[in-house]
1. Any residue in region 300-314 that's farther than 25 Å from Phe451 by Cα: show its pairings with residues that are among the β-branched types (Val, Ile, Thr) and open to solvent by 10 Å² or more (accessible area, probe 1.4 Å) at Cβ separation under 7 Å, as long as the two are six or more apart or on different chains.
2. Only one of Thr186, Thr191 is crowded, with 23+ Cβ neighbours inside 10 Å, in a helix (DSSP H, G or I) and of a type outside the set (A, V, I, L, M, F, W, C). Can you tell me which?
3. Could you check region 1-26 and list, in sequence order, the residues that are open to solvent by 50 Å² or more (accessible area, probe 1.4 Å), under 16 Å from Ala58 (Cα atoms) and either assigned to a strand (DSSP E or B) or of a type in the set (D, E, K, R) (or both)?
4. So which of Val103, Val44 ends up being buried (at least 20 other Cβ atoms within 10 Å of the Cβ), aliphatic (A, V, I, L, M) and modelled with pLDDT under 90?
5. Return only the number of the condition from (1) in contact with a strand residue (DSSP E or B) (Cβ under 6 Å, 6 or more places away or on another chain); (2) part of a helix (DSSP H, G or I); (3) not aliphatic (A, V, I, L, M) that Asp395 does not satisfy.
6. Can you name the residue in region 264-284 that is among the small types (Gly, Ala, Ser) and buried (at least 20 other Cβ atoms within 10 Å of the Cβ) and, of all such residues, is modelled with the highest pLDDT?
7. Restricting attention to strands (runs of 3 or more DSSP E) lying wholly within region 287-369, give those where 1 or more residues are touching a His at 6+ places or on another chain (Cβ under 6 Å), open to solvent by less than 10 Å² (accessible area, probe 1.4 Å) and modelled with pLDDT of 95 or more.
8. For Lys406, state whether it is open to solvent by less than 30 Å² (accessible area, probe 1.4 Å), charged (D, E, K, R) and farther than 18 Å from Trp317 by Cα.
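The values are calculated or read from the model by the stated rules, or taken from the named source; none is laboratory data. Because the structure is predicted, anything quoted here is derived from the model rather than measured. Virtual Cβ from ideal backbone geometry, glycine too; neighbours counted across all protein chains shown. SASA here: full protein model, heavy atoms, side chains in, ligands and nucleic acids out. Shrake-Rupley method; radii C 1.70, N 1.55, O 1.52, S 1.80 Å.
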Amino acid sequence: MAQRIIAIDQSTSSTKALLFDEECRLLARTNVDHKQYYPQTGWVEHDAEEIYQNMIEAIRKLMAEVDLHYSLVPHTFSLAITNQRETAVVWNKTTGKPIANAVVWQDTRGAELCRQLRADGKAEMVMQKSGLLIDPNFSATGIKWLLDNVEGAREFASRGDLLMGTIETWLIWKLTGGKIHATDYTNASRTMLFNIHTMQWDDELLQLFNIPRSMMPELKPCDAIYGETTCEGVFSKPIQIAGVLGDSHGALVGQMCFEKGSGKVTYGTGSSVMVNIGEEPQQAPEGLVTSVGFSALGKTYYGFEGNIYSTGATLKWIADQLQLVGHPAEMEALATSVEDNGGVYIVPAFSGLGAPWWQSDVKGAVFGLTFATTKAHFLRAALESIAYQIKDLVDVMARATGGSLKEIAADGGPTKNHFLMQFQADMLDTPVVCTEVDDASALGAVIMNGFARGIWKTFEDVRGFRKVTQTYHSQPRAQKEALYQGWRNAVKQLIK
């Protein structure tokens, strides 16, 4: 009987349901958007009930397509989940209703609490235990805010009536009719409440944020079986929920970064850089964080991670706002029509500078303009700015792991720009491997599902499912160091 795995990719803007076969080939996909709520400046919320209903709708649509195209072949179905990380939900376990909208990872209402905790000298303790910087990006501040500000929440929590979780925990609880309250180690490691050394919820961290232990979900590896569900009657008999991990971690697995020193870059609106640092947690270099990379086949692998705010967004800005090109895809031909950037550097700090600088109040800037500057120089500088920002992070990660990285797996729209990918490899002195995987996070969840259910037994069993489209090797480039030093000098003029 053929295996069919439905991967739920629940992101910040939408919920996708993707159907894969036992060779990790994508067969079908559906997508349902959900509403964003901005009740105050800096606040970002989601309706957790809407997200659950959208997931069920996406699965129904997917199965309708499956019935249309695959109905003659008997299948065994199962469900895997990858999700937006850190977004926090608190709900009443008796009524099954959230006490308020979910606090999204982008929400900054916990910023003042974070400042106070840093002022109180708690940063080192939090970093040593959780691997994280004290920041409202992580779940703990959102949960504390809900308990402190929703009427009656503290009383209900003290009686053991409230549960908390990130999005995958909420979805699993709903899918299993409230029978299973669980999370995986990767999502737990993004809450600021999880000890990455003991692999348990940490009492000192829970006390710091005044969150009762009774609210916390059971902890499981990524390749566990989490329960069974009919998906609200979509299936006549229950199917297994197996394979759960956060989206960036899913991409690490989907790009087959199974060895220490392998890493991935997702080139999107911004960019997430994560590197596998092996089976021992290490304190991250300044400006980065340490998380559980993934936990599978009886082992746990850790990762350094950093996030860049503006990469693909820079190219979109040039096309949409400046209208220098009709579409970002047109930039490569113009950028390669000149030999170099003509001394121009663009620092795309449209929302401040992310890792490793963490300068939120910096604004974007352009340096080195002369009367000789052309549109081609400007476009080339924009593309180069992406590679420089990635290098800033990868260099820090490489030094911390004892040398150069083995390779960087790349996914996302900008990877189709050959100039950018070659320039990236040249700057990093590391092979950049581009793959045909458009849904790396979902593929990672599918792989964990297969491990959980015994379809595959080893990492080698799945390595071949990643299809490499092109590998860019570092080439000699005139004035490589001078080019990068020009970038560093530009950034230093902006940071405090």
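1. What qualifies is Gly312/Thr269; Ala313/Thr269.
2. On the way: Thr191 fails: in a helix (DSSP H, G or I).
Going through Thr186, Thr191 in turn, just one is crowded, with 23+ Cβ neighbours inside 10 Å, in a helix (DSSP H, G or I) and of a type outside the set (A, V, I, L, M, F, W, C): Thr186.
3. In the first step, residues of region 1-26 are kept if they are open to solvent by 50 Å² or more (accessible area, probe 1.4 Å); the result is 1, 13, 22-23, 25-26.
Checking which are under 16 Å from Ala58 (Cα atoms) leaves us with 13, 26.
Leu26 - this is the single residue of region 1-26 that is open to solvent by 50 Å² or more (accessible area, probe 1.4 Å), under 16 Å from Ala58 (Cα atoms) and either assigned to a strand (DSSP E or B) or of a type in the set (D, E, K, R) (or both).
4. Values: Val103 fails: modelled with pLDDT under 90.
Sole residue among the options that is buried (at least 20 other Cβ atoms within 10 Å of the Cβ), aliphatic (A, V, I, L, M) and modelled with pLDDT under 90: Val44.
5. Only one criterion is unmet by Asp395, namely (1).
6. Initial filter on region 264-284 (among the small types (Gly, Ala, Ser)): 268, 270-272, 278, 284.
Those left that are additionally buried (at least 20 other Cβ atoms within 10 Å of the Cβ): 271-272, 284.
On the way: Ser271: 82, Ser272: 82, Ala284: 87.
Selected residue: Ala284.
7. On the way: elements: 289-296, 299-308, 345-347, 365-367.
Those strands (runs of 3 or more DSSP E) span 289-296.
8. Numbers: open to solvent by less than 30 Å² (accessible area, probe 1.4 Å): no; charged (D, E, K, R): yes; farther than 18 Å from Trp317 by Cα: yes.
Against the criterion (open to solvent by less than 30 Å² (accessible area, probe 1.4 Å), charged (D, E, K, R) and farther than 18 Å from Trp317 by Cα), Lys406 does not qualify.
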